[in-house]
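The values are calculated or read from the model by the stated rules, or taken from the named source; none is laboratory data. A quick note: this is a predicted structure, and the numbers were derived from the prediction, not measured. Here the Cβ positions follow ideal geometry from the backbone for every residue, glycine too, while neighbour counts run over all protein chains shown. Just the protein is used for accessible areas: all its heavy atoms, side chains included, with ligands, DNA and RNA removed. Shrake-Rupley method; radii C 1.70, N 1.55, O 1.52, S 1.80 Å.
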Amino acid sequence: MKSLYEQDKKYILNTYNRLDLIIEKGEGSYVFDIDGNKYLDMYSGISVNNLGHDKGIVEAIIKQASKYMHLSNYFVSEPVVNLAKLFVENTFASKVFFTNSGTESNEAAIKLCRKYGKQSNENKYELLSAYNSFHGRTTGALALTGQEKYQKNFMPLIPGVSHFKYNDIEDLRAKVNENTCGLFLEIIQGEGGIVEISKEFIDEVVKLSKKYDFLIVIDEIQAGMGRTGDLFAYEQYDFTPHIVTISKSVGGGIPLGAMLVSEYVENILQPGDHGSTFAANPVSCAGGEYVMNKLVNTDLCNEVKSKGNYLINKLNNLKEKYPHIIKEVRGRGLMIGIDVGQYVNDIKKIAQENRLLLNSTNNTIIRLLPSLCITTDEINEFLTIFEKILKEVK
Ligand SMILES: Cc1ncc(COP(=O)(O)O)c(C=O)c1O
């Protein structure tokens, strides 16, 4: 009998590089392999399992699944309404459109921006996003994703999309014009290596949005849902977006995404303009209700801030001790990037041997996205193993 790893290679299209590790179950901040080995999980499913492997979510979704799993968008559904209400009552949004994934949330936002633009001028359909951004892989969202490596084999993508240099105000000014209908922005570029936007840049985006009448879409798919210590990362800045796109942990581990819209644009999309068979899935929304209640009705977000500061301080101490390996520590809350240059793959390999699962992005960055519920003891466990790796790595 071939191992599950070999069968995966045989039967599944070769689009992912898998870890040679077969996980049997997850519990809190840990996962366990089929031999019973326990690993500290710093992936959290790339920010999907924001509450860790949480039994409460499981109970919530089982409860809903035992009533009904799907009805179709011809029916109103209690968990769907409840989750939308939680977003409207706790954020800038006045309405919610549910999707199944991050890329679909951005596709919905592309359509809303284009319809908004075309209401004033047929040529007002141009979209802007940053170089080094990541907004998804369907052809609309991929056009926004400002990285050649993801786009080059699939050209042409949707027309009318240009890119500006992140945090470069002059370049932004040069790219915006009266035909711009929407600008997409990550507050912290996640796939791009944990790079944070400057306040000055946001101020300029807001100024230009008023001058040229385009919509500001903040992509919180990775940075949102408490990851940075606020419900949304943009809340640290003094502005209100027109649209926020979310996904990943919104469904508590079941596929779900959403486009949150401000009152100003809540009537742009009309019946027939957009839709999805599966979204919003009632079971995903039941998971989402549980997650949102934790984020808005407990102290979890504040704890993320203090745990994040603690971890970043300790990592900066390690940077001073091992300057030949750690070049920079970046990020906010529990969304942290450690630039380790050429050592990235060795560090990941030794980490796995030491029962620590580390993710990387953008070639040189170890990306930490632990469960938001990670305890200080677990953070210390991570730091002990990480320092051991820094001593070992050649
Ligand atoms: C900022 C950002 N936007 C969009 C996406 C795409 O989300 P999905 O993979 O659910 O389509 C991602 C995925 O990593 C992301 O990090």
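In a fully extended conformation the segment linking N297 and Y310 would gain 2.4 nm over its present Cα-Cα distance, using 0.36 nm per residue.
Among 289-302, 184-197, 42-55, 88-101, the peptide with the highest mean count of other Cβ atoms within 10 Å heads the list, and the full ranking is 184-197, 42-55, 88-101, 289-302. At a probe radius of 1.4 angstrom, the accessible area of the chain per residue rounds to 46 square angstrom. Whole-Hz Karplus values for the stretch 5-21 come out as 4, 5, 5, 4, 4, 6, 9, 10, 3, 7, 10, 10, 8, 8, 6, 7, 7 Hz, taken residue by residue from phi with 6.51 cos²θ - 1.76 cosθ + 1.60 and θ = phi - 60°; glycine and proline positions read x.
Near the amide H of S101, within less than 5 Å, lie the amide hydrogens of G257, all on another chain or at least 5 residues away, with H placed in the peptide plane. Packing, as the average of other Cβ atoms within 10 Å across residues, places the peptides 149-161, 269-281, 9-21 in the order 269-281, 149-161, 9-21, highest first. Rounded to whole numbers, the Karplus 3J(HN,Hα) couplings from phi for the stretch 99-108 are 9, 9, 7, x, 4, 5, 5, 6, 4, 4 Hz, using 6.51 cos²θ - 1.76 cosθ + 1.60 with θ = phi - 60°, and x at Gly and Pro.
Would you mind telling me the antiparallel percentage of the DSSP bridges in the chain, rounded to 5?
On the way: 31 of 49 bridges.
Among the beta bridges of the chain, antiparallel pairing accounts for roughly 65 percent.
According to the square roots a ≥ b ≥ c of the eigenvalues of the Cα gyration tensor, what is the shape class of the stretch 258-394, taking rounded for a/c under 1.5, prolate for a/b larger than b/c otherwise, and oblate for the remainder?
It is prolate, given that a/c is not under 1.5 and a/b is the larger ratio.
Judged by the gyration tensor of its Cα atoms, with axes a ≥ b ≥ c, the stretch 56-297 is prolate; a/c meets the 1.5 cut and a/b is the larger of a/b and b/c. In order along the stretch 250-257, the phi-based Karplus estimate (6.51 cos²θ - 1.76 cosθ + 1.60, θ = phi - 60°) of 3J(HN,Hα) comes to 4, x, x, x, 9, x, 6, x Hz; Gly and Pro are listed as x.
How large a share of the accessible area of the stretch 291-351, in percent, is made up of carbon and sulfur atoms when the probe is 1.4 Å and the other protein chains stay in place?
The computed percentage sits at 43.
Of the beta bridges in the stretch 299-394, as assigned by DSSP with both residues counted there, near 100 percent are antiparallel.
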